[in-house]
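Here, each number is a calculation from the coordinates, and none is a lab measurement. On a predicted model such as this, the values are computed, not experimentally measured, just so you know. With ideal geometry, Cβ positions are generated from the backbone for all residues, glycine too; neighbour counts draw on all protein chains shown.
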Amino acid sequence: MTSNIDIDPPQGLRRLDPALVPIARSLPVHGFRSDSLAAERKSIEAGETKRAAETDETGVAIEHRRIVGPLGDALRLRVYRGGGDGPLPVVLYAHGGGFVSGSLDTDHASCVELARDVGCAVVSVEYRLAPEHPCPAALDDVEAAFHDVLQHAEDLGLDRHRLAVMGRDAGAALVAGLVHRVFDANGPRIVLQILHHPMLDCDETLSRSAFPRTPGLGGAAVGRGWAHYLGHTRASARSVPSYRSNLEGLPSAFVACAEVDPCRDEAIDYATRLLRARVPTDLHVLSGTFHGFDSVAPDWEVSAGVRRLHAQVLARAFHAWSGYERSDGVGATGSDDPGSAASPRVV
């Protein structure tokens, strides 16, 4: 019996930085086909568990938390606290995995480093996975975690007035969807959204067509990940961030994608639309890299540089809102903007 995992070498190696080629060549090309998904999950989980166990957690306190999820089941969170006095600013984090894989261990190292370098708290969510739990299960879980952070901020030592969201891969789609929900409900302020290697569009793009078998995650897998997540649900702005027509008034954004990445064009398009909607937005296209390179090559200088950028933009956003409070129920377009380039505003 075979595992059905694709072991043929990935494509696009000639476009990569030479430092990444040996790593990229060794990576499987995940297909997320129904007949291979169980084996792929097992392989992915083994690597992520190993990387999480090797993470240097010095200077970060880690707490495991269970809350009641949308269906009454337990929803697992992992809370990371870096150094700092008083209530800590907080990042709500959604891991990557193409909607069909991943756990709290997936981006454990990134969460540890972010909490330590920024001196903030990071709350990572273990949302339900497709296809067993199709849309909107994962987004509902992320939203439940968001409201839990707000409701229990004082008990957890968190500053609910300085709350950012961050996601990688499919997790970026989920936090972008959360931002839309909170904005439409005129909900609490989100000071920044970080979308890292985001999957934002279920439709075919030029980069998805050009990179069907790139290292780790190819265009075919991205399409299948969306199909597993959407299930029998018709794609709409409620489930696919790129479908939203009006982006005005959303929180400031930091968007980063790789050059050799099936999700590259949708990331660029979404960031461009944010800019045209007058949302303060940073866009970084990292040349010579592939989707998820910083997870498998964390010690490479470019990977470290990306993490420093994340820490810097978060520190700016948190500083802009430091000591600044307002009444609950005012959305991201409130008139009490302190005027920082890192703060959410309409100009």
Item checked: Cα centroid separation - the range 55-131 against the range 223-265, whole Å -> 22 Å
Notebook entry, point to check: Binned at 10 Å from 0, what are the whole-percent values of the Cα-Cα distance distribution for the range 1-102, short to long?
Noted result: 11, 28, 32, 21, 7, 0
Checklist line | the range 13-320: radius of gyration and largest Cα-Cα distance (Dmax), Å | finding: 17.8, 52
Margin query: How tilted is helix 170-184 with respect to the longest principal axis of the chain? Cα atoms for both, answer in degrees (0 to 90, nearest 10).
Written below: 30 degrees
Check: If you line up the long axis of helix 108-118 against the longest principal axis of the chain, both from Cα atoms, how many degrees apart are they, to the nearest 10?
Finding: 30 degrees
Note to self: Can you find, among 240, 256, 227, the residue sitting farthest towards the positive end of the charge dipole of the range 200-267, where Lys and Arg contribute +1 and Asp and Glu -1 at Cβ?
What the structure shows: 227
Checklist line | C-alpha long axis of helix 219-230 to longest principal axis of the chain, angle in ° | finding: 50 degrees
Checklist line | Stokes-Einstein translational diffusion, the range 33-169 - Kirkwood Rh over all Cα pairs, 1.567 mPa s, 4 °C, in µm²/s | finding: 85 µm²/s
Notebook entry, point to check: Hey, what number do you get for the chain at 222 nm if only DSSP H runs of n ≥ 4 count, each worth -39500 (n - 2.57), divided across all residues, to the nearest 500?
Noted result: -10500 deg cm²/dmol
Check: Which residue, 138, 39, 256, has the most motion in a Gaussian network model of the chain that connects Cα atoms within less than 10 Å?
Finding: 39
Note to self: Using a Gaussian network model on the chain with a 10 Å cutoff between Cα atoms, which of 155, 184, 294 fluctuates the most?
What the structure shows: 155
Margin query: Out of the trypsin sites (Lys or Arg not before Pro) in the range 268-326, which ones are loop residues according to DSSP with at most 16 other C-beta atoms within 10 Å?
Written below: 278, 326
Checklist line | Rounded to the nearest 20 debye, dipole of the chain from Cβ charges on Lys, Arg, Asp, Glu | finding: 500 debye
Checklist line | Rounded if a/c under 1.5, otherwise prolate or oblate - the range 100-236, Cα gyration tensor axes | finding: prolate
Note to self: Looking only at the range 36-155, where both bridge partners belong to it, what percent of the DSSP beta bridges are antiparallel (to the nearest 5)?
What the structure shows: 70 percent
Next item on the list: List the GluC sites (Glu not before Pro) within the range 50-80 that fall in a DSSP loop (any state other than H, G, I, E or B) and whose Cβ has at most 12 other Cβ atoms within 10 Å.
Entry: 54
Notebook entry, point to check: For the chain, modelled as a GNM with alpha-carbon contacts under 10 angstrom, which of 103, 26, 242 fluctuates the most?
Noted result: 26
